[in-house]
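Shown next, in structure tokens, is the structure this report addresses.
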Amino acid sequence: MSSRVFGHIDGYREGHLFADRRELSAAGVHRPNQAGISGSGKDGADSIVLSGGYEDDTDDGDIVIYTGHGGRDQNTGQQVSDQLLTRGNQALAISCLEGYPVRVIRGSRLPSQFRPAFGYRYDGLYRVEHFWREQGRSGFTVWRFRLVKIEKTFSSGGSNVKDDSLTQAARVETMIQRIIRDTALGRQVKQMYEYHCQICEIRLEGAPGPYAEAAHIKPVGTPHNGPDILGNLLCLCPNHHVLLDYGGIAFDDDFTVLGGPGILSVRDDHPVRQEFVRYHRVHWWKGI
Ligand SMILES: [Zn+2]
């Protein structure tokens, strides 16, 4: 199998139009002729085609909520069983964890103001910000992915940037976003616990002082729209922050740590809200 290319494909700038899937495949911009996700559970996903397969998908241009594949009847297109975090879905999840850029292609049948007038259009690089499970309109589980454009506007000559630096750009942006979110409330929750992780109690101390991360239980931003309030924030070490974000741990209603040690340590003056804990468990916990 030829090696998978992450990032722009030489010779194809953002905005390039393709007549059909065959042309798109021959160019290497999106290899599979039918599948919406190009990738494997081992390598990650390098491209997706948005063509309106799922009614739950939303397209706001720079932010796309994309539903994974699987569990649909081939003839009717109806969801008839749960989607699994395997194949293309797992590929997108790996791209999220590794920070790989994903090429996004829009098809003319997409029910969105951003669709091309005909054929397929390469719309540049997105990163998978996060992913979660939810109950689709059919009642079956679907996996959803929040994709955010790396270069915010259609640039005129952005395609000659090297793939490596684009991957790095995605990482830098992720870091900047974390820093911006580290608001006064974030500092407050860290100070409440004197920078001890609420799960493992570790306190990391660097040369300038202690380090911990303020973690939202229900993510802020669409479509979750978790609030930036103390009741939705935890003071965690980086390891437990990552495990929380990717469903490696969750909390029971009594704050028992699922997938981890003991019970979440919660101070009396820290009103952690069970609705956020439940929301997280339902959408992320790997044990469901
Ligand atoms: Zn910890």
Specify the inter-centroid distance of the range 22-57 and the range 76-121, based on alpha-carbon positions, in whole Å.
-> 6 Å
What accessible area per residue, rounded to a whole number of Å², is obtained for the range 14-131 using a probe radius of 1.4 Å?
-> 44 Å²
Where the accessible area of the range 208-284 is counted over protein heavy atoms with a 1.4 Å probe, how much of it, in %, is carbon and sulfur?
-> 54 percent
Length released on extending from ASP62 to ARG137, taking residue separation times 0.36 nm less the Cα-Cα span | 24.5 nm
Which residues in the range 125-154 have a backbone N closer than 19 Å to a point placed 7 Å from the Cα of THR86 along the Cα-to-Cβ line?
-> 132-134, 140-144
A chain fully extended from ARG187 to VAL282 at 0.36 nm per residue, minus the present Cα-Cα distance, gains in nm 31.4 nm
Take the Cβ-Cβ distance between GLN113 and ASP254 as r, set R0 to 41 Å, and report the resulting FRET efficiency rounded to the nearest 0.05.
-> 0.30
Mean residue ellipticity (222 nm) of the chain, computed from DSSP H runs ≥ 4 via -39,500 (n - 2.57), nearest 500 = -7000 deg cm²/dmol
Going by the alpha-carbon gyration tensor, a ≥ b ≥ c the square roots of its eigenvalues, is the range 71-155 rounded (a/c under 1.5) or, if a/c is not under 1.5, prolate (a/b greater than b/c) versus oblate?
-> oblate
Grab the eigenvalues of the alpha-carbon gyration tensor for the chain, scale each by 5, take roots, and send me the semi-axes largest first in whole angstrom.
-> 36, 22, 16
At a Förster radius of 30 Å, what calculated FRET efficiency corresponds to the Cβ-Cβ distance of VAL266 and GLU98, to the nearest 0.05?
-> 0.40
What stretch of the chain, leaving out the sites themselves, is the longest with no chymotrypsin sites (Phe, Trp or Tyr not before Pro) in a DSSP loop having at most 13 other Cβ atoms within 10 Å?
-> 155-288
Between ALA207 and ASN33, what length comes free when the chain is fully extended (0.36 nm per residue of separation minus the Cα-Cα distance, one decimal in nm)?
-> 57.3 nm
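The values are calculated or read from the model by the stated rules, or taken from the named source; none is laboratory data. Small disclaimer: the values here were computed from a predicted structure and weren't measured. Glycine also receives a Cβ, built like all others from the backbone with ideal geometry; neighbour counts cover every protein chain displayed. In case anyone asks, the SASA skips ligands and DNA or RNA and just uses the protein heavy atoms, side chains included. Shrake-Rupley method; radii C 1.70, N 1.55, O 1.52, S 1.80 Å.
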